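What follows is a set of notes on a single structure, which appears directly below.
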Amino acid sequence: MDIHIENCNNIKSANVCINDNKLNIFFGRNGSGKSTIAKAISKHFDVSALEGLRPYGVKRLDNQPLVTGVNDKSIMVFNDEYVKQYVYQRKSVLDNAFDILVRTPDYDAAKEVVDTELYKLKNVVIEDESIRNMITKIEILLSKIKVGTNNQIDKRSAKGILDGKGAYFNPPKELESMKPFFEDQNVTKWAAWRLQGYDQFGKKGICPYCAIIDDDNTEKRNKIFSEKFDKSSVETANLIISTLDGLNEFIDAEKIAQLKSYFGPNGNTSSLETHLIRLNAEANHLYTQLTKIRDFNGSKVDKENIKDLEKMLSEMKIDFSAIDSYFTTKSSKDILCAVNNKIDELINSVGNFKRRDCKI
């Protein structure tokens, strides 16, 4: 088994060869990476656990911990943690009585079926590029559309747009000459473009776009424009719209067009807030359920908690009634139904396991 490890503590890149069905021993001087290799192999299936091995410093895409090539999920690591947990027991010599007195080949075989189904379920979320893309885009969307406990848009997110700081809904009369741009459905892109140009080059006394020398009227318009168009609100509106476009595989096209229209000249702040709150609720449900599956640590399923596993799995299923407005495309339904089907298969395996003649 050829295992590749990247960005784990002091290991930038390493290749490790493991002999199958053998006891493999790693030895070396202190600090050479023995413990890191053991931890990386044992945590390879758990994205959140691997985060603990990220090299010290700023979190970046190019230092994401990565372990590939571990194709046997039953691989066991006998490191310091194992020794402390199972060998040097201070409380009782019977802490491992289950393994000594109860565990049978029948138990191991049934548990293996559950472990395999659990592994398949996590892979549906971890390895499916569409689901990974959905999670990433939804995470961006949720970072910009925050809903408070009062069920209103949080003032730290898109609230500025609703308060008129985008100026799309009622542009001031001093900017009447810009009316054709305000009436365009892409007003958010235009506003961001204009703000960026004047923010970087507007103090040179000439127009950064046409190089005409500024006069009093120009300076007055620029001042009003900067006051009425809050930079943060414009950027937030643009990011929400671009993220919606990036989710077009999963969100109904008519819903995207309708929501984008609320950001335009004929938009209505009340309607916009209502739809943003609904979109937040659906996106939050999907993000919560999918990341719950992705981050679930199946290695911790044992004789103590397997009795509760069916309930835990049922709570991971996607509730389609909670996403019946926006995430309704065929692609969404196909992908999310596949996730729910895997959960059902796993619940069935757990039920069979509990019904078998195993002492759990």
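Pull up region 154-173, narrow it to residues that are within 22 Å of the chain's Cα centre (by Cα) and over 16 Å from residue 243 (Cβ atoms), then point me to the one that is modelled with the highest pLDDT. The selected residue is 154. Tallying residues that are hydrophobic (A, V, I, L, M, F, W, C), touching a helix residue (DSSP H, G or I) at 6+ places or on another chain (Cβ under 8 Å) and either modelled with pLDDT of 75 or more or closer than 16 Å to residue 4 by Cβ (or both) within region 42-57 yields 3.
Scanning region 73-86 for residues that are assigned to a loop (DSSP other than H, G, I, E, B) and at pLDDT below 70 yields a total of 2.
Taking the residues in region 9-40 that are in contact with a Cys (Cβ under 9 Å, 6 or more places away or on another chain) and assigned to a loop (DSSP other than H, G, I, E, B) as candidates, determine which candidate is farthest from residue 53 (Cα to Cα).
24
The lone criterion from (1) surrounded by fewer than 17 Cβ atoms within 10 Å (Cβ to Cβ); (2) modelled with pLDDT under 90 left unmet by residue 263 is number (1).
Remark: pairs (first residue in region 197-216, among the small types (Gly, Ala, Ser); second residue surrounded by 10 or more Cβ atoms within 10 Å (Cβ to Cβ) and at pLDDT 70 or above; Cβ separation under 8 Å; 6+ apart in sequence or on different chains) = 202/222; 205/214.
Return the residue satisfying two criteria in turn: it lies in region 300-319 and is loosely packed, with under 15 Cβ neighbours inside 10 Å and at pLDDT 85 or above, and of such residues it is farthest from residue 278 (Cα to Cα). Steps first, answer last, please.
Here is the first cut: in region 300-319, the ones loosely packed, with under 15 Cβ neighbours inside 10 Å are 300, 302, 304-305, 307-308, 311, 314-315, 319.
Filter once more, so that each one left must be at pLDDT 85 or above: 311, 314-315, 319.
Numbers: 311: 27, 314: 24, 315: 21, 319: 15 Å.
Taking the candidates together, the pick is 311.
Of all residues assigned to region 242-258, at least one qualifies as being over 30 Å from residue 116 (Cβ atoms), modelled with pLDDT under 85 and under 19 Å from the mean Cα position of the chain (by Cα).
The values are calculated or read from the model by the stated rules, or taken from the named source; none is laboratory data. All of these numbers come straight from a predicted model, not from anything done at the bench. Here the Cβ is made from the backbone with ideal geometry for all residues, glycine too, and neighbour counts use every protein chain on show.
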